[in-house]
Amino acid sequence: MGKDVEVVEQGEFSTKDYHDPPPTPFFYMDELTKWSFYRAVIAEFIATLLFLYITVLTVIGYKSQTDLNLKLDQCGGVGILGIAWAFGGMIFVLVYCTAGISGGHINPAVTFGLFLARKVSLIRALLYMVAQCLGAICGVGLVKAFQKSYYVRYGGGANELAEGYSKGTGLGAEIIGTFVLVYTVFSATDPKRSARDSHVPVLAPLPIGFAVFMVHLATIPITGTGINPARSFGAAVIYNKEKAWDDQWIFWVGPFIGAAIAAAYHQYILRAAALKALGSFRSSSRN
């Protein structure tokens, strides 16, 4: 616990005690009896569906506009910058829309990181991940249904390790990229920061969307940028080609490791959860 700053009417600052919210129970069976829980799962499904639909269409559209065989202008289309904006912009929009309902995860790696930090229960985490993967499959399925010829010709938006890069490099890119994203999620949604900086308007979806944007700029040339197992899985299921499945493990192992490191870094180093637990233990021992 520490003292945090808040604004008073005359523009002066005062401090207040801040108490961390209690950790979410590991098994929280009462959730299964509440409509709000199922509403949140549905929100994750729809958000991930929309995310994959827009972003995969953007990727395929760019490839069709720069096809060498069609002798098109190679400077046409949205380019890698536009693809990165599509992913980052959609995350900004969808997190903004769903944050108050489900927390706006839209990514199993984010859900996993928040679960490790005891922000969500095991039941919620598992059902979120299932909903996200199903939403991703449906989103890419819609792309294929509407643009089948382009979809098959231009790789279905599936994540694959680019030629010239080793699997270790691809795994490292996914770990670091996901760490940046999940670290940003923890920082942007930290309730202690919200209390301390209550005089500064903070729109959490904005830095989260920018994190996705920046990571895509860095790693599109390496892996096409996964950092979201549902995004990679949904595209692989619908495209269903050998190369997409060969590299699929990278897009699960990397993001989950990156999310775990980000959760540990935020909770145990930045927020010093281990020291707080030790202090509480010593206090109780004295009593």
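Values quoted throughout were computed directly from the atomic coordinates according to the rules given, and no laboratory measurement underlies them. Just so it is clear, the structure is predicted and the values come from calculations on it, not from any experiment. Reconstructed Cβ throughout: ideal geometry from the backbone, glycine too, with neighbour counts over all protein chains shown.
With 21 Å as the limit, write out which pairs from K34/K119; K63/K167; K34/K192 have Cα-Cα distances beyond it, or answer none. Write out the running numbers ahead of the final one.
Numbers: K34/K119 18 Å; K63/K167 24 Å; K34/K192 28 Å.
With Cα atoms farther than 21 Å apart: K63/K167; K34/K192.
When a footprinting reagent is the concern and you count Cβ atoms within 10 Å, what order do Y151, Y165 take, fewest first?
On the way: Y151 22, Y165 14.
Fewest-to-most ranking of Y151, Y165: Y165, Y151.
Compute the convex hull volume of the Cα atoms of region 116-234, divide it by the residue count, and report the result per residue in Å³ as a whole number.
Details: hull volume 15.6 nm³, N = 119.
Measuring per residue, one finds 131 Å³ for the Cα hull of region 116-234.
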